Amino acid sequence: MTSLTDAQQDMRAAYFNGGTGAVGSATAWFAAALVATFVSSQAGILTLIFGGMLIFPTSILLSKLLGRSGKHAKGNPLAPLAISGTIWMLLSIPIAIAVAAYRIEWFFPAMLLVIGGRYLTFPTLYGLKAYWFFGVVLALSVIPLVAFGAPVASGAFTGALIEYIFGALLFTQKHT
């Protein structure tokens, strides 16, 4: 890689602008919402946590199915940013779990903040300003959920909806 722009282009090309990851994440949120609705709040939380482990493999598979490599170039200097963002996210999950011990309906809003915060590193990773908006929308979606005491599953449905919409928008970005 000769420049930041080249490294970002490599990431966009490999992972379809990150759209495949957003769709994989949206699917985990949607599954969690359904489980929280039809089984239990606790089962919905576990579904998001365990479903979250499948997001990256799902994004690789979707990228390959859509004709992308699903793998950035060896030596891409942005790879450590992607890894450190993932580690930060994983270390933040216990905070959301602790919040849920206090008020279970705040678990998904707390996770929306975690995921929104992680997406705020993606403008650097992918070179797409859309991720600023994506992260902010996820974070701001927490306000009505908490202010109006939304049911547990509402937070998960909110995450799914936002991620599916942004995933679709990322697929239409021309910087691929």
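Listed here are the helices (runs of 4 or more DSSP H) enclosed by the range 1-60 that have at least 3 residues being within 18 Å of Ile162 (Cα to Cα): 19-38, 41-52.
Annotation: Ser63 fulfils all but one of (1) in a helix (DSSP H, G or I); (2) at pLDDT 95 or above; the unmet one is (2).
The values are calculated or read from the model by the stated rules, or taken from the named source; none is laboratory data. A quick note: this is a predicted structure, and the numbers were derived from the prediction, not measured.
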